[in-house]
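As structure tokens, the structure follows; a few thoughts come after it.
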Amino acid sequence: MRIILLSQWFQPESFFKGLPFAKALRERGHNVEVLTGFPNYPGGKLYPGYRVRLYQREIMDGITVHRIPLYPSHDKSTFHRTLNYISFSLSAFLLGPWLIRKPDVIYVYNLITLAPAAFLMRLLFGSKVIIDVQDLWPESIVNSSMLQNSGVLYLLNKICNWVYRRADRITSLSPGFKQELTSRGIPSEKIEVVYNWCDEAAIAPVGPSSRQAKPPDLQGKFVVLFAGSMGILQGLDTLLDCAKLCAVGLPDVRFVLIGEGVDRLRLQQKTEEIGLKNLVFLSSRPVEKMGEIFALADALIVHLVDNPLFRITIPSKTQAYLYVGKPIIMAMRGDAGDIVRHSGAGIICEPENPKAIMNVIRTLHEMPEIERQEMGASGHRYYMEHLSFNHGIEKFETIMMSLAGKGV
């Protein structure tokens, strides 16, 4: 089977459905090519060794990667972000069909803007199109404050639903996403839930009882770690407020935040203004170095603002947290909370509620260590059985081969 991965992002960008995904499909006997842009995510700056040109072909671990032009950007500007998406979509539409060999299946990662290119290639080659829905459009656009015009949003909603109906198959990251799509009139049998996985090769499981030599300011402290993007939607002011409460009620608790994002600088400035001494920011690390950071933690926290859309999403850090085998504080409602509940991997609490989060921290802090270890081990077992890389690849291969009429 010949497969095209159509994605605006690909390695060397940190993209979990990128090169490892392509290699795994190839190792199962399939011919895989990639159509992507020039790497600039998440900073919006081109990676060293790259410059935007009309076309660049490279071989990455035996996978042919076709790079086409885009406008590099990932800042708060709606105009720049829109230009980023549209420029790649236009390049894929105009150049893509001339660069790839006839595929059986075109796998489209997430962006509605890539549908015109995928549908054109389907028309030309008779291929089948899978759209992997990671963000529900237009809701995700509204929540990111990229677009607020009601007329434009109405039109975008119509376009999105048309695209979803026209796809040969849709994969969604959660049962809630599938339910939302079916409520829009998308046939249920067209949608498959395939949970995301984490970068298992880079993030070695540290185990619930792992001990990493802590820096002096964390020695003897109960460490609550947040790892990931620090954007508006993460609502991390709540963690700052929780840290302020813990400074009085749980003085040996320390919060560690690691990652980048558009809101990090403001959060750091606010921390200094408040005078928080029990919350520290660490500079980002390569994924392969995160295992030693996770090993510092006594508990890992997931938090998003309390928005109905987030009740049906599963933040990618959830999978990483489960895999590394540490207790999880899940400050979210809905599908992500259900995973933690079913796995026994941690405790769920209300988002945007500093006091509720502090109460969960207190519970974990007072819990015998052996119980916290079992929480972490339960999470790891659940991940391997239901969310692992191999489990996900098998599901995608089954879907692709069924569409291509190849059987499994």
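For the residue pairs 158/190; 45/326; 17/190; 23/395, alpha carbon separations beyond 25 Å are given by 45/326. A Cα-only calculation for segment 216-386 places Rg and Dmax at 14.7, 45 Å.
Can you classify segment 159-263 as rounded, prolate or oblate using the Cα gyration tensor, where a ≥ b ≥ c are the square roots of its eigenvalues, rounded means a/c under 1.5, and otherwise it's prolate if a/b beats b/c and oblate if not? Judged from the Cα gyration tensor, segment 159-263 comes out prolate (a/c at least 1.5, a/b above b/c).
Cβ-Cβ distance of residue 179 and residue 269, R₀ of 45 Å, FRET efficiency by 1/(1 + (r/R0)^6): the value works out to about 0.65. Taking the longest Cα principal axis of the chain as reference, the axis of helix 354-366 is set at about 70 degrees.
Helix 115-125 and the long axis of the chain differ in direction by around 40°, with both axes built from C-alpha atoms. Mean residue ellipticity, 222 nm, helices only, the chain: the sum of -39500 (n - 2.57) across DSSP H runs of n ≥ 4, divided by residue count and rounded to 500, is -12500 deg cm²/dmol. When each of 137, 197, 162 is scored by the number of other beta-carbon atoms lying within 10 Å, the sequence from fewest to most is 162, 137, 197.
Comparing 183, 107, 74 along the charge dipole axis of the chain, the residue lying farthest to the positive side is 107, per the Cβ-charge model.
Please work out, to two decimal places, the log10 of the ratio I(q)/I(0) at q = 0.08 Å⁻¹ from a Debye calculation in which every Cα of the chain carries one identical scatterer. Debye output, listed in q order: -0.44.
No value in this document is a laboratory result; all are computed from the given coordinates. Nothing here was measured: the structure is a model prediction, and the numbers come from that model. Because the Cβ atoms are built from the backbone with ideal geometry, glycine has one as well, and the counts that use them run over all protein chains shown.
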